[in-house]
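Below: one structure, written as structure tokens.
The values are calculated or read from the model by the stated rules, or taken from the named source; none is laboratory data. Note that the structure is a prediction, hence the values are computed from the model and not measured. With ideal geometry, Cβ positions are generated from the backbone for all residues, glycine too; neighbour counts draw on all protein chains shown. Protein only, heavy atoms only, side chains kept; ligands, DNA and RNA dropped before computing areas. Shrake-Rupley method; radii C 1.70, N 1.55, O 1.52, S 1.80 Å.
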Amino acid sequence: MAKACRRCHLIVDKNSNMCPICNTQDLSNEYTGEVFIIDNENSDVAKKIKIGKKGHYALRVR
Ligand SMILES: [Zn+2]
């Protein structure tokens, strides 16, 4: 199981202890939903969860 960043929702590898975008260790093992943002400029999902970069994100992070 991977982890998700509580700040930006980026999904990171389970062996990683830090979010490469936020440089925070505020990661959670509990998240639901996954989304791949390819075109963040035109993605409603990206706007909804305030994603600013392309990548693999969790929809909800606990
Ligand atoms: Zn982050």
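Among all positions in the stretch 8-24, there is at least one residue which is free of Cβ contacts under 8 Å to residues at least 24 places away in the same chain, within 14 Å of the ligand (Cβ to nearest atom), open to solvent by 90 Å² or more (accessible area, probe 1.4 Å) and on the phi > 0 side of the Ramachandran plot. Got at least one residue in the stretch 26-44 being surrounded by 12 or more Cβ atoms within 10 Å (Cβ to Cβ), near the ligand (Cβ under 10 Å from one of its atoms) and assigned to a strand (DSSP E or B)? Within the stretch 26-44, one or more residues are surrounded by 12 or more Cβ atoms within 10 Å (Cβ to Cβ), near the ligand (Cβ under 10 Å from one of its atoms) and assigned to a strand (DSSP E or B).
One residue stands out in the stretch 45-59 among those that are away from the ligand (no atom under 13 Å from the Cβ) and at pLDDT below 90: the one that is surrounded by the most Cβ atoms within 10 Å (Cβ to Cβ), namely Ala46.
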